[in-house]
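Each value in this text was obtained by applying a stated rule to the coordinates, not by laboratory testing. Keep in mind it's a predicted model, so treat the numbers as computed, not measured. When we count neighbours, we look across all protein chains shown, and the Cβ atoms used for this are built from the backbone with ideal geometry, even at glycine.
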Ligand SMILES: Cc1cc2nc3c(=O)[nH]c(=O)nc-3n(C[C@H](O)[C@H](O)[C@H](O)COP(=O)(O)OP(=O)(O)OC[C@H]3O[C@@H](n4cnc5c(N)ncnc54)[C@H](O)[C@@H]3O)c2cc1C
C-alpha cells in the first residue's frame with residue numbers, strides 16, 4: 001500500500017486547488033478522479049461548458065448587436081446544435097490541457113478510478129482495468145462534488161428529457177423547451193435557449209426565484225425575460241412528465257394547466273456525490289442531500305484526518321468559492337497558516353442578461369434595521385452603453401447612512417460578472433461612497449455606472465462633517 005501526505009478525491013475546482021496547494025508545500029499528493037479526464041463538473045458538464053455555450057449563443061445569434069439592428073438580427077442564420085458544440089470541444093480541451101499541465105508541473109500524481117473509504121486514513125480505488133488499489137494518507141480531502149437530482153417521476157431519456165449534465169449532448173436545437181427549476185442552473189439555461197429564439201417555459205414550484213438576490217434586480221430581470229416572450233410558470237409543481245406520440249413532451253402541472261414542449265430540462269437541484277464513498281467505514285455521515293458537514297473555517301469534518309470542500313459541503317456551491325475552500329482545507333490539513341474564507345464573495349449568474357451581486361441586499365439591510373440609502377445607475381446613462389447599444393442594464397449600490405460604507409452592490413446586465421469586482425474591492429476594504437465620487441473612472445466604460453449610482457445616492461445622503469461624521 002502506497003502512503004501519501006495528502007489524498008484528494010475529486011479533481012474539480014476544490015480538489016485541484018487543494019492538491020496544487022499541498023504540492024507547493026512540498027508534500028506527496030495523490031488525486032483520484034473517476035471521470036475520463038481531470039476537471040470535475042466545472043470543466044466537463046457545469047461551469048465552463050455552460051459559459052462557453054452562452055458565449056457561443058450570444059455571438060452566433062448576434063444578441064449583443066440587436067440593440068442597434070433589431071430583434072431579427074442574426075450573425076448566423078439556422079444555428080444548429082453542431083455550431084454550439086464546435087466551440088465547446090475546443091474550449092474544454094484547452095481547459096483540461098492546462099489542468100493536466102498544472103498537475104504534472106507540480107508533481108501531483110493523478111489516478112483514474114473510483115475511490116471509497118476503507119478506514120479513516122485509507123482508501124480503496126477501483127481502477128480502469130478492474131484492479132483495486134489501496135492508499136493511505138495523513139489527511140484526505142473529499143472534493144467529490146455533486147450529481148444532478150433525478151426524481152423518479154421524470155423519465156429522463158437524454159434525447160428529449162435531460163438533466164443539467166446531459167443537456168450539452170442535445171443533437172438539435174428544439175423549437176420549445178420547458179425548464180423545471182428556477183435556480184441558478186435552470187435560469188442560466190432557460191435564458192441561453194431564449195437568446196437562441198427557442199420558446200422557453202420556466203417552471204418553478206415556489207412563487208419567486210433566486211431569493212438571495214436583491215428583489216429590485218430580480219424585478220428588472222423578470223421584466224426583461226417576459227418582454228422577450230419567456231413564459232414563467234411559478235407557484236405550481238410539476239407532477240408528471242410524459243412523452244407523447246407526436247414526439248412532444250407534456251408536463252402535468254399541479255392545478256391542471258399542462259405544458260407541452262419539444263424538450264424538457266430538469267434542473268431542480270443536485271445531490272452530494274457521496275453514496276459510493278462507503279462513508280460508514282470512516283465514521284462520517286452525509287445528510288439527506290448527500291452533503292457532508294464541516295467546520296466552516298477549516299473545512300475539517302467530524303473525523304480529524306478527513307476534510308471536505310466544494311459543492312459536497314453545500315452552499316454556496318460555486319466553482320469560485322470551491323477553489324478557495326480547497327486551498328484553505330489543504331493548509332489546515334497540512335498544518336500551514338490559512339486565511340479565513342471571505343465574509344463577502346461575489347455571486348455570478350450567467351443568465352442572459354447576466355447578474356452579479358455582493359454584500360447585503362436591500363431586504364437584508366431593512367431586516368437588520370440599518371439606516372441606508374441606495375443609488376441606481378442604468379447602463380443607458382453611460383456613454384459606453386450608448387456605444388454598445390444597450391437599453392437595459394442596471395447597477396444598484398447600497399450605503400450605510402451612519403458610516404457611508406458600501407453595504408451591497410447588485411448588477412444586472414452586460415458585463416455584470418466582471419464589473420462586480422470593483423464593488424467587491426470597495427466593500428471588502430470597507431470603502432465608502434466617497435471612493436466612487438472622488439475617483440476618476442475610465443471613460444467611456446460601463447464601470448462609470450458606479451460613479452453615477454454613487455452620485456445618485458449622494459444626492460439623498462446627509463452631508464458628512466470634516467471628520468467624515470454625519471452632521472444631519
Ligand atoms: C450547469 C452548471 C453551471 C455552473 N456555473 C457556474 C458558474 O458560472 N460559476 C461558478 O462559480 N460555479 C458554477 N457552477 C458550479 C460549479 O461547477 C461547482 O461549484 C464546482 O464544480 C464544484 O467543484 P467541486 O470541486 O466541489 O466538485 P466537482 O467540480 O463536482 O468535481 C468533483 C469531481 O469528483 C469526482 N468524483 C466524485 N466521486 C468520486 C469518487 N468516489 N472517486 C473519484 N472521483 C470522484 C467527480 O467525477 C468529479 O470530477 C455550475 C454548475 C453547473 C452544474
Point to revise | Contour excess over end-to-end distance, with Cα ends at residue 24 and residue 386 and 0.36 nm allotted per residue | key: 125.6 nm
Review point. Arranged from highest to lowest average of other beta-carbon atoms within 10 Å per residue, in what order do the peptides 381-394, 20-33, 86-99 appear?
Key: 20-33, 381-394, 86-99
Exercise for review: Would you mind checking the radius of gyration and Dmax of segment 282-400 based on alpha-carbon positions, in Å?
Suggested key: 19.6, 60
Practice item. Give the distance, in whole Å, between the Cα centre of segment 126-143 and the Cα centre of segment 307-384. Key: 33
Check your understanding: Per the helix-only calculation at 222 nm, which mean residue ellipticity applies to the chain, given -39500 (n - 2.57) for every DSSP H run of n ≥ 4 and division by its residues, nearest 500 deg cm²/dmol?
Key -> -9000 deg cm²/dmol
Revision key, fill the gap. Listing 458, 63 by rising number of other beta-carbon atoms within 10 angstrom, fewest first, gives 458, 63
Review point. Remind me, what semi-axes does the chain give for its equivalent ellipsoid, largest first in whole Å, using sqrt of 5 times each Cα gyration tensor eigenvalue?
Key: 38, 32, 21
Check your understanding: What is the spin-label model distance, in nm, from residue 138 to residue 159 if the labels are put 7 Å beyond Cα along the C-beta direction?
Key -> 5.5
Exercise for review: Report Rg (one decimal) and Dmax (nearest whole number) for segment 176-273, counting Cα atoms only, units Å.
Suggested key: 13.4, 43
Practice item. In whole angstrom, note down how far apart the Cα centers of segment 396-462 and segment 89-111 are. Key: 38
Exercise for review: Could you calculate the contour length gain from residue 68 to residue 366, that is, 0.36 nm times the residue separation minus the distance between their Cα atoms, to one decimal place in nm?
Suggested key: 103.3 nm
Study note, to complete from the structure: With Rg from the Cα atoms and Rh as the Kirkwood inverse mean 1/r over Cα pairs, segment 114-250 has an Rg/Rh of 1.12
Check your understanding: With labels modelled as points extended 7 Å from the Cα through the Cβ direction, what inter-label distance (nm, one decimal) is found for residue 257 paired with residue 428?
Key -> 4.4
Review point. If R0 is 25 Å, what FRET efficiency do you get for residue 305 and residue 97 from their C-beta distance, rounded to 0.05?
Key: 0.15
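Give the order of 405, 257, 270 when sorted by the count of other beta carbons within 10 angstrom, beginning with the fewest.
257, 405, 270
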Revision key, fill the gap. When 217, 284 are ranked with the fewest other C-beta atoms within 10 Å first, the list becomes 284, 217
Exercise for review: Note the full-extension length gain between residue 208 and residue 298 as 0.36 nm times their separation in residues minus their Cα-Cα distance, in nm to one decimal.
Suggested key: 29.0 nm
Check your understanding: Rounded to the nearest 0.05, what FRET efficiency do residue 402 and residue 3 have when you use their Cβ-Cβ distance and R0 = 45 Å?
Key -> 0.20
